[in-house]
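First up is the structure itself, then whatever we jot down about it.
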Amino acid sequence: MGKDIKSLSLTELKDELVSLGEKSFKAAQIYAWLHKRGAESFDEMTDLSKDLREKLKNNYDIYTCSIEKKLVSVYDSTVKYLFRLHDGELIESVIMKYKYGYTICVSSQVGCKMGCTFCASGIAGFIRNLAPSEILSQIYIAQKDLNIRISHIVMMGVGEPLDNFDNVMKFLDMITNSDGLNIGMRNISLSTCGVVSGIEKLLERKLQLTLSVSLHAPNDDIRSRTMPVNNRWNVDTLLSVCRKYTQVTSRRISFEYAMISGVNDSDECAHELGRKLKGMLCHVNLIPVNSVKERSYKKSSDNRINEFIKILEKYRINVTVRRTLGSDINASCGQLRRGENNT
């Protein structure tokens, strides 16, 4: 197989062309075909000479993804894709329509290592990391299929982005570059289950993206039972680096909190969470937990969620409840891929 050309930055592509005996300025044409026009083959690049196209075919591959399955919600026009990669593996993406435009939730890995007990993403285990080209392709193919312009990105699909740190950082560099789709960093959210070492590396870059942290519990006892990552970095260690992150970047952190009936939704949990987050530049996003066939968790009642909110607001913490989108198409992470692998 040839080299993954879509994962090359423009500077790297220029160096590659020079090594092939070509003029470096042609890299801009190729890069535009790949990242602005979404070319899926070198034959589409009609303003390049036939000789150059042959050289590219002989040395490189364009990694893309094909639509294996597409589900459209009858309730809110949410679209869920099951994409097949060049090696046959499957990943998921979700397109959500809001008043401000279209948001895509992309995957960063095939499967997941983290083992959170309320999430379907890791049930089938971890297969591999996605290359920058494979993360980009989810956006390019969805845009082309729906004939839309995506303006916001959420890295909250299958996989832990900070466990695929280098490829995710390169993806961010390429997707925000003016030579590509030029999506603003402030329009990108990255979600982590609490990989502290990754947050520390992210902090050094001082990116203006929104960091979302899947907290889901106010203490180690509950969190370690539901999120194995807590056995390596406990709640206090995680919140300490989060405070530092907000101070260095001046960016508000969003704490994701899945409301699981009888597990983490008591008044006591709300008070403990409020005490630990008080004064931090943050907000809490409460998520009625999704039903997963292999798990016995049930979402909290509306009344319990409302009581939880009232307590957090006493600590002057901004709280929202995530709107459920695509409920009729299993739009939560990992469910479509898992269903396909089980058939």
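The values are calculated or read from the model by the stated rules, or taken from the named source; none is laboratory data. This one's a predicted model, so the numbers in the text were calculated from it and none came from an experiment. Here Cβ is always computed from backbone atoms with ideal geometry, including for glycine, and neighbour counts include all displayed protein chains.
Matching residues to (1) more than 18 Å from CYS105 (Cα to Cα); (2) of a type in the set (Phe, Trp, Tyr); (3) in a helix (DSSP H, G or I); (4) not assigned by TED's automatic domain parsing to the domain that holds GLY125:
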residue	(1), (2), (3), (4)
ALA39	yes, no, no, yes
LEU52	yes, no, yes, yes
LYS55	yes, no, yes, yes
LEU71	no, no, no, no
TYR75	yes, yes, no, no
LYS80	no, no, no, no
PHE83	no, yes, no, no
HIS86	yes, no, no, no
GLU92	no, no, no, no
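As an exercise: evaluate TYR98 against (1) under 26 Å from ILE260 (Cα atoms); (2) surrounded by fewer than 16 Cβ atoms within 10 Å (Cβ to Cβ) and give the number of the one condition it does not meet.
Looking at each condition in turn, TYR98 falls short on (1).
Quick one: how many residues across segment 257-288 are surrounded by 14 or more Cβ atoms within 10 Å (Cβ to Cβ), under 18 Å from ASP220 (Cβ atoms) and touching a residue at least 24 places away in the same chain (Cβ under 8 Å)?
Residues flagged as surrounded by 14 or more Cβ atoms within 10 Å (Cβ to Cβ), under 18 Å from ASP220 (Cβ atoms) and touching a residue at least 24 places away in the same chain (Cβ under 8 Å) within segment 257-288 amount to 14.
Those residues that are within 28 Å of ALA142 (Cα to Cα) and in a loop (DSSP other than H, G, I, E, B), I need them from segment 12-31; list them, please.
Listed by number, the list is empty, since nothing qualifies.
I need a count of the residues in segment 104-125 that are modelled with pLDDT of 95 or more and either surrounded by fewer than 21 Cβ atoms within 10 Å (Cβ to Cβ) or in a loop (DSSP other than H, G, I, E, B) (or both). I'd like the intermediate steps shown before the answer.
Our first condition is that a residue be modelled with pLDDT of 95 or more; within segment 104-125, this holds for 104-110.
After this cut, where a residue has to be either surrounded by fewer than 21 Cβ atoms within 10 Å (Cβ to Cβ) or in a loop (DSSP other than H, G, I, E, B) (or both) as well, the list is 106-108.
Qualifying residue count for the region: 3.
Only residues that are buried (at least 16 other Cβ atoms within 10 Å of the Cβ) and free of Cβ contacts under 8 Å to residues at least 12 places away in the same chain: list them for segment 47-93, please.
ARG53
So, in segment 167-183, exactly how many residues are among the small types (Gly, Ala, Ser) and either closer than 12 Å to ALA131 by Cα or without any contact (Cβ under 8 Å) to a residue 12 or more places away in the chain (or both)?
1
Please give the number of the condition LEU34 fails out of (1) assigned to a loop (DSSP other than H, G, I, E, B); (2) crowded, with 16+ Cβ neighbours inside 10 Å.
In the conditions (1) assigned to a loop (DSSP other than H, G, I, E, B); (2) crowded, with 16+ Cβ neighbours inside 10 Å, LEU34 misses (1) alone.
So ILE148 passes all but one of these: (1) among the hydrophobic types (A, V, I, L, M, F, W, C); (2) within 17 Å of THR192 (Cα to Cα); (3) out of contact with any Lys or Arg (no Cβ under 7 Å at 6 or more places or on another chain). Which condition number does it fail?
For ILE148, the exception is condition (2).
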